[in-house]
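Q: I'd like to ask you about the structure that follows.
The values are calculated or read from the model by the stated rules, or taken from the named source; none is laboratory data. Computed from a predicted structure; not experimentally measured. Quick reminder, even Gly has a Cβ in these numbers, built from the backbone with ideal geometry, and neighbours come from all protein chains shown. Calculation scope for accessible area: heavy atoms of the full protein, side chains included, ligands and nucleic acids excluded. Shrake-Rupley method; radii C 1.70, N 1.55, O 1.52, S 1.80 Å.
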Amino acid sequence: MEKIIFIHPMAILGALESIDENQFLNNRRKTIGCILGSAKRKILSCNSSFKVPFEEDKSIWFIDHSFIDKMLEMHKKINKREIFMGWFSFCNKIVHNDLKINQIFHSYTEKPLFFLFWVDIFINGLVIETYSGKKIILWYI
């Protein structure tokens, strides 16, 4: 069944705010976070996002699960209809650790969306790729 995914500009802005300027200088640090939204029939609407504490060193990585749980609980108090939709990463390609990280987010939802944000110097803009088991869509902003 085909799904239509809308990502609200505030969700993109929240994700962009989480970027550390040093990330682009040394090109080694990855930033990840959660995307929240709502689902109605075939339409998935991603409305907000937040950064998740994350550390990575080659094949070893750490995600703060308690932080995610507390943030999801806080967001639920603000907007009861907003649920966990998926997660995002700032990197120009999918790496092996992303598959393992995606397995972590299966505990929050059955099929988490994965948004891959990266900057393309050739189009001078932001590229957003969305995955849910397979590549769904590619946006250029």
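Q: For residue 96 paired with residue 73, estimate the spin-label separation in nm (one decimal), with each label point 7 Å from Cα along the Cα-to-Cβ line.
A: 3.6 nm
Q: Please report Rg over Rh for the stretch 1-131, where both radii come from the alpha carbon positions and Rh follows the Kirkwood definition.
A: The Rg/Rh ratio comes out at 0.95.
Q: Sorting 57, 69 by accessible area (1.4 Å probe), largest first, what list results?
A: In descending accessible area the options line up as 57, 69.
Q: Sticking with this structure for a sec: Calculated FRET efficiency, residue 106 and residue 10, Cβ-Cβ r, R0 30 Å, to nearest 0.05?
A: Once the sixth-power term is evaluated, E becomes 0.70.
Q: Further question on the same structure: What shape does the stretch 58-128 have by the C-alpha gyration tensor, where a ≥ b ≥ c are the square roots of the eigenvalues, rounded means a/c under 1.5, and otherwise prolate means a/b greater than b/c and oblate the rest?
A: Numbers: a/c = 2.32, a/b = 1.45, b/c = 1.60.
Taking the square roots of the gyration eigenvalues as a ≥ b ≥ c, the stretch 58-128 is oblate.
Q: Within a Cβ distance under 14 Å of residue 14, other residues only, what is the Lys/Arg minus Asp/Glu net charge?
A: -1
Q: In deg cm²/dmol and to the nearest 500, what is the mean residue ellipticity at 222 nm of the chain if only DSSP H runs of at least 4 residues count, each as -39500 (n - 2.57), divided by the residue total?
A: Helices in the chain give a 222 nm mean residue ellipticity of -8000 deg cm²/dmol.
Q: Once you put a point 7 Å from the Cα of residue 123 and another 7 Å from the Cα of residue 83, both along the Cβ direction, what distance in nm separates them?
A: With each label point 7 Å from Cα toward Cβ, the separation is 3.0 nm.
Q: Continuing with the same structure: Can you give me the long-range amide H partners of residue 52? Hydrogens built in the peptide plane at 1.01 Å from N, cutoff under 5 Å, separation of 5 or more residues or another chain.
A: 32, 33, 34
Q: Anything over 22 Å Cα to Cα? Flag those among 51/80; 76/111; 42/93; 58/111; 76/100, in the order listed.
A: Working: 51/80 20 Å; 76/111 19 Å; 42/93 28 Å; 58/111 26 Å; 76/100 26 Å.
As for pairs spanning more than 22 Å Cα to Cα, those are 42/93; 58/111; 76/100.
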